[in-house]
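Here is the structure we will look at, set down as structure tokens.
The values are calculated or read from the model by the stated rules, or taken from the named source; none is laboratory data. In this text the structure is predicted, and so the values were computed from the model without any measurement. Backbone-built Cβ (ideal geometry, glycine too); neighbour counts: all protein chains shown. To get the accessible areas, we keep the full protein, side chains included, count just its heavy atoms, and leave off ligands, DNA and RNA. Shrake-Rupley method; radii C 1.70, N 1.55, O 1.52, S 1.80 Å.
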Amino acid sequence: MEASPAAVKAEVAKLEFLRSLGADGLDLSALPAERRRFLATVGRRLTAQALERRDPQRRYPILLTMLAQSATDVLDEVVQLFDQAISARESKAERKMRDALAERGKAGEDRQALLDDLLVIITDPQISDEQIGGLIRGERIGWPRLRSAVTQAAPRLPRDHGHLAALDGSYGYLRQFTPQALAAVRFAGGTASAGSLEALEILRELNATGARRVPADAPDGFVPARWRGYLETAAKSGNTSAYRHYWELCTLLALRDGLRSGDVFVPGSRRYSDPAAYLLTPDKWVDQRAEFCQLVGKPADPDRALAAAADELGEALGELEGVLAAGDGLVRLDDGGDLVISPLTAEDVPAEATALEAELTEMLPFAPIVSLLIELDKRTGYLDCFNHAGGKQARSPELKRNLIAVLLAHSTNLGLTRMADACGISYDVLAWTSEWYVREETLRAANLAIIDYHQRLPLTPIFGTGTLSSSDGQRFPTRGKSVTARALSRYFASEGLSTYTHVTDQHTTYGTKVIVATKREAHYVLDEILGNATDIPVTEHATDTHGVTLVNFGLFDLLGLQLSPRIRDLGKITLYRAGSRAQVEADFPRTGPLLTRKLNTDLIAEHSERGTSKLRPSRRGA
């Protein structure tokens with residue numbers, strides 16, 4: 001689905017229809033969450049005729065859960081499309097701004113050349129002050145060139161180089177759907193978003209009444225400094241229309257950014273719900289802190305934990321000091337005292353190993369992929385994990401055959417239509433099998449069966465212990481329109497998405513998630529480590545630069561895990577010390593000067609004692 005005004009308004013219409021049925025007010029808390037999910041899944045797959053044939057005792061719970069789930073899903077869809085439509089126009093405005101800056105740079109080449117010639121004259125110590133004016137106006141520069149430069153002068157750019165002005169060109173486009181979306185969705189937030197939420201209420205009132213002028217007391221403290229000049233200029237000139245445009249655009253962008261950071265949430269949503277709902281309250285944290293710290297092997301006393309971390313940092317700095325003292329390793333200091341980390345070289349593979357690999361490869365028989373899937377099912381029984389979404393137990397003799405055809409059709413992008421032509425199974429049978437048997441939960445269960453079998457193979461421990469895993473993203477182009485796909489010219493001709501995959505050192509793929517290609521992978525590193533149902537004892541995880549943030553280091557340590565990223569340009573990032581600069585540089589003469597910032601250990605200890613929920617209002621503590 002494309003994030004367009006028509007798409008947003010269509011989803012808003014669906015949301016209003018569901019609310020008219022009371023779907024958003026249904027209280028189904030008496031049913032377990034898993035049961036609600038199951039009934040909603042069945043309801044989506046049943047036809048109207050099949051649902052009508054169900055007993056009333058089953059029909060009505062299915063209808064109610066499906067309505068309640070649909071109301072939540074459509075609400076999430078409205079907010080997501082709203083975000084994407086605004087972001088698409090902001091990106092277009094940014095490209096327009098960059099093009100304008102490029103054209104401005106080309107047009108200013110003559111003025112740049114004039115400046116260079118002027119500097120040559122002005123900075124020449126052999127030319128006296130009395131001679132400078134004559135040379136500039138006379139034989140060296142001349143009046144015609146000076147007058148031409150004055151006429152070519154362009155107005156000075158605003159602080160953002162014209163980004164918001166370029167976005168104002170899409171104001172009419174945004175007005176096609178933003179009033180409807182803002183009227184249909186209720187937003188809430190903490191103290192960090194109070195100003196933008198107050199502005200949002202005023203904007204709703206302006207949309208409802210048709211008023212054009214922004215009230216004089218409307219909040220603008222949430223507007224970034226780079227855009228405040230637009231509001232001030234419009235206010236001084238009395239241009240109420242321009243002020244309304246810029247103020248409204250700033251409000252919409254602040255709302256978008258608040259939704260992404262979690263400072264703004266949507267009541268009744270699942271994807272944009274209040275982050276604080278997932279955190280322990282301070283009272284519960286006090287009761288569970290000792291047990292949790294014992295579970296992850298961390299001291300409950302923050303002073304002891306910080307002292308242990310300081311000792312660990314001291315040992316690491318001592319090792320680095322020895323390496324830097326040698327001066328001939330892969331890690332060294334350059335003449336300016338900056339840290340230099342040489343890239344790792346690839347390991348040389350012995351010629352005997354290459355020859356043995358080729359010999360073993362020739363010994364392996366060719367196996368058609370269908371035969372391989374059949375043999376894999378005999379060993380693991382993974383096809384039995386694909387159960388009927390409606391709870392049906394009977395399985396036809398041809399079901400496994402149909403499942404293999406569906407899995408091949410999806411995994412090879414062949415599609416069910418072309419697979420039906422290739423294998424002789426009718427399209428209707430393949431489509432029915434895919435709809436009722438192939439779901440995310442059945443695919444995960446099948447993968448777990450394969451992982452369990454793989455872990456029991458005698459050859460598996462040779463590759464590793466299974467305690468080390470890594471994750472990375474792969475990008476794939478997409479066809480048609482998708483809410484997950486994004487334009488990324490470096491990888492795609494049009495649009496595409498990323499699959500973020502987790503693999504152990506035993507070559508076991510234990511998690512895969514489809515994510516937006518333009519989002520940072522670090523947000524998804526812990527998802528599969530904590531969310532998979534395998535018995536893989538992961539204690540250490542490796543990522544690249546896109547998979548690491550400072551927050552991830554803290555989260556991994558809080559869970560008793562070790563994050564071992566490969567960070568690009570590691571020598572250029574800011575490093576922190578636990579003690580004073582003088583003490584650290586005295587203890588580590590070479591390493592100490594690299595640690596340019598001091599840790600706020602008091603802040604860490606305070607939040608450790610009070611609970612993580614206290615981090616939410618400002619988010620700076622994270």
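Details
- Amide H contacts under 5 Å for GLY511: HIS502, restricted to partners 5 or more places along the chain or on a different chain, H placed in the peptide plane at 1.01 Å from N.
- C-alpha long axis of helix 399-411 to longest principal axis of the chain, angle in °: 10
- Protection proxy ranking, highest mean first, for peptides 66-75, 321-330, 437-446: 66-75, 437-446, 321-330, where packing is the per-residue count of other beta-carbon atoms within 10 Å, averaged.
- Sparse-neighbour loop sites [trypsin sites (Lys or Arg not before Pro); region 359-404; at most 16 other C-beta within 10 Å; DSSP]: LYS392, ARG395
- Backbone phi angles across region 416-429, fed through the Karplus curve with coefficients 6.51, -1.76 and 1.60 (θ = phi - 60°), yield HN-Hα couplings of 5, 5, 6, 5, 4, 5, 7, 9, x, 8, 5, 4, 4, 5 Hz in residue order; Gly and Pro are listed as x.
- Taking the longest Cα principal axis of the chain as reference, the axis of helix 351-363 is set at about 40 degrees.
- Viscosity 0.890 mPa s, temperature 25 °C, Stokes-Einstein D of the chain from Kirkwood C-alpha radius, µm²/s: 80
- Gyration tensor (alpha-carbon) shape descriptor, region 25-114, a/c threshold 1.5: prolate
- Couplings 3J(HN,Hα) of region 323-334, computed from phi: 5, 5, 5, 5, x, 10, x, 5, 10, 8, 9, 7 Hz, in residue order, whole Hz [Karplus 6.51 cos²θ - 1.76 cosθ + 1.60, θ = phi - 60°; x for Gly and Pro].
- Value of D in µm² per second that Stokes-Einstein yields for region 367-473, Kirkwood Rh from Cα pairs, at 20 °C (1.002 mPa s): 140
- For the chain, the share of DSSP beta bridges that are antiparallel, to the nearest 5, is 75%.
- Near the amide H of ALA517, within less than 5 Å, lie the amide hydrogens of ARG486, SER498, all on another chain or at least 5 residues away, with H placed in the peptide plane.
- Working from label points 7 Å from Cα in the Cα-to-Cβ sense, the GLN474 to ARG147 distance is 6.8 nm.
- Distance from region 360-428 to region 241-261 (C-alpha centre basis), Å: 51
- Acute angle (nearest 10 degrees) that the helix 109-122 long axis makes with the longest principal axis of the chain, alpha-carbon atoms: 40
- Accessible area per residue in Å² at 1.4 Å probe, computed on the chain: 60
- Protection proxy ranking, peptides 166-174, 567-575, average beta carbon neighbours within 10 Å, highest first: 166-174, 567-575
- Shape call, region 127-282: gyration tensor on alpha carbons, a/c limit 1.5: prolate
- Residues whose amide H comes within less than 5 Å of that of ASP472, counting only those at least five positions distant or on another chain, are THR501 (H built at 1.01 Å from N in the peptide plane).
- For region 115-214, the percent of C-alpha pairs falling in each 10 Å distance bin, counted from 0 to the bin holding the largest distance, reads 11, 23, 19, 10, 10, 17, 11, 0.
- From phi via Karplus (6.51, -1.76, 1.60), per-residue ³J(HN,Hα) for region 196-207 in Hz, x at Gly/Pro: 5, 5, 5, 5, 5, 5, 5, 5, 4, 5, 4, 5
- Prolate/oblate/rounded label for region 335-425 (Cα gyration tensor, a/c 1.5): prolate
- Cα centroid separation, region 158-189 to region 528-554 (Å): 37
- Segment ALA493-ALA194, length gained on full extension (0.36 nm per residue, minus Cα span): 103.5 nm
- Full extension of the chain between ALA367 and THR354 yields a length gain of 2.4 nm, computed as 0.36 nm times the residue separation minus the alpha carbon distance.
- Ranked by how many other beta carbons lie within 10 Å on average, peptides 584-592, 102-110 from highest: 584-592, 102-110
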